[in-house]
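See below for the structure under consideration.
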Amino acid sequence: MAHLVDRRLNGKNKSAINRERFLRRFRGQIKEAVARSIKGRSITDIDSGEKISIPVKDVSEPVFGHAHGGIWETVHPGNEEYLRGDQIERPDPNGGGGGGGKASQDGEGEDDFVFELSREEFLNFFFDDLELPNLIKTQLAATQSFKNVRAGYTSEGTPSNIHVVRSLKGALGRRIALSAVPMARLDEAREELDELLETHDEDDPEVIELRDEIRSLKTRIIGIPFIDPFDLRYTNRVKVPRPSTQAVMFCVMDVSGSMDEQKKDTAKRFFILLYLFLMRAYDKIEVVFVRHHTQAAEVDEHNFFHARDTGGTVVSSALKLVKQIIDQRFPTNDWNIYVAQASDGDNWDSDSVVCKDILLGDIMPLVQYYAYIEITEGEPQNLWMEYEKIRAACAHFAMRKIQSPADIYPVFRDLFKKVSTNA
């Protein structure tokens, strides 16, 4: 068996084959290092590479050692510190390399192995254990589904796909083409025979020869088959890709006056992370951005993150708009629908009850997953209280609280973590 080794170099004399092998071998250690590194990163630089360190003990090759066995008593020559029977203390753990500890004039060790991940590799490890939950209609996979469409006719196929009319038309055309010359000659021979019989007897050699030719032409015409395998035509169907893995994510953000700049910034960071995850993990997904204060509006990506309009708080306006957009553009039979809502929870008491009724009656039966994030440092607000009733009634409704930007990553990963399907 031949083994081909790709030794082509990829940028700065780095072998891509060896790099991929290293990433597969130390996947667990790299994921832990990525998890440690993102704790100190902001959302603005999440979409970049990272230098990570892996303990040398994790990347060292296993070796076999040979022990002495038994009890060994050794006094080294030139020893002025220890006497026979003294027990040697363990060395200072801060005396060697590996980072940390104070400077020392003695001790030895090895530094941690530092490995630089590219932007693509870092994001692959960061989003490795995340997914959209509850995909019960269709799975968002890399595979495409196909549908059969008619594409004319073909001369080969299965008997069940024979097109009878088209086959008979072809057979008729073939018979006409093959019998045209014999039929014309047969008509001429008959006319010649009639003229010849007026002056010659039946036993005349010319008459006999002409009768034999007529008989041969008739046999030739009759011998043309009514239908031939060459005439058969089959309905041709080809497979064309169709989007069977359709999903839409509604990003709903509160921009009312009670949402100060810090809370808005936290909400934007969460949605930026969500948007980055969706665009990277799924090829076929729509993202709808909805901002609301007293009134809700569907906006584009730029206005969602950068528009500065504000006002009072009527959360139900956003939920009504989401329901309207679903009815108009995203039929539930064809789309997996998700909603992520961020708010400080400060809403009119009467409107919070309306929000609960809209969700329970109109939206929750249509969506696969609904995530609500409340951004507040104090006690839960009135919207949270009403939403708790929805969480008790709907298993696909999730609620989390974010108090500071440091909570964005844990909450995000908790909301969109992969769920094992082996149960």
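Output yes when any residue across segment 398-407 is among the basic types (K, R), more than 28 Å from D327 (Cα to Cα) and surrounded by fewer than 21 Cβ atoms within 10 Å (Cβ to Cβ), and no when none is.
Taking segment 398-407 first, the residues among the basic types (K, R) are 400-401.
Next, from what is left, pick out any that are more than 28 Å from D327 (Cα to Cα): 401.
Next, from what is left, pick out any that are surrounded by fewer than 21 Cβ atoms within 10 Å (Cβ to Cβ): 401.
Checking segment 398-407: at least one residue is among the basic types (K, R), more than 28 Å from D327 (Cα to Cα) and surrounded by fewer than 21 Cβ atoms within 10 Å (Cβ to Cβ).
Is it true that A247 is among the aliphatic types (A, V, I, L, M) and in contact (Cβ under 8 Å) with a residue 40 or more places away in the chain?
yes
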Just one listed residue, out of S350, S317, S343, is out of contact with any strand residue (DSSP E or B) (no Cβ under 7 Å at 6 or more places or on another chain) and within 18 Å of L383 (Cα to Cα), and it is S350
Pairs under 7 Å by beta carbon, first residue assigned to a loop (DSSP other than H, G, I, E, B) in segment 216-240, partner of a type in the set (V, I, T), six or more apart or different chains? L232/I162
Can you find even one residue in segment 234-248 that is in contact with a helix residue (DSSP H, G or I) (Cβ under 6 Å, 6 or more places away or on another chain), surrounded by 18 or more Cβ atoms within 10 Å (Cβ to Cβ) and among the aliphatic types (A, V, I, L, M)? no
Examine segment 351-358 for a residue that is buried (at least 16 other Cβ atoms within 10 Å of the Cβ), among the polar types (S, T, N, Q) and either under 26 Å from I272 (Cβ atoms) or not assigned by TED's automatic domain parsing to the domain that holds S404 (or both), and state whether such a residue exists. no
One residue from D362, D357 being assigned to a helix (DSSP H, G or I), touching a residue at least 12 places away in the same chain (Cβ under 8 Å) and among the acidic types (D, E): D362
Could you give every pair whose Cβ atoms fall below 7 Å, whose first residue belongs to segment 400-413 and is assigned to a helix (DSSP H, G or I), and whose second residue is of a type in the set (F, W, Y) and surrounded by 15 or more Cβ atoms within 10 Å (Cβ to Cβ), counting only separations of at least 6 or pairs across chains? I408/F270; F412/F270
Within the group V354, V339, V314, which residue is among the β-branched types (V, I, T) and at pLDDT below 90? V314
Looking across segment 191-217 at residues that are surrounded by 13 or more Cβ atoms within 10 Å (Cβ to Cβ) and among the charged types (D, E, K, R), the single one that is nearest to the chain's Cα centre (by Cα) is E213
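The values are calculated or read from the model by the stated rules, or taken from the named source; none is laboratory data. Just so you know, these numbers come straight off a predicted model, no measurement behind them. Glycine also receives a Cβ, built like all others from the backbone with ideal geometry; neighbour counts cover every protein chain displayed.
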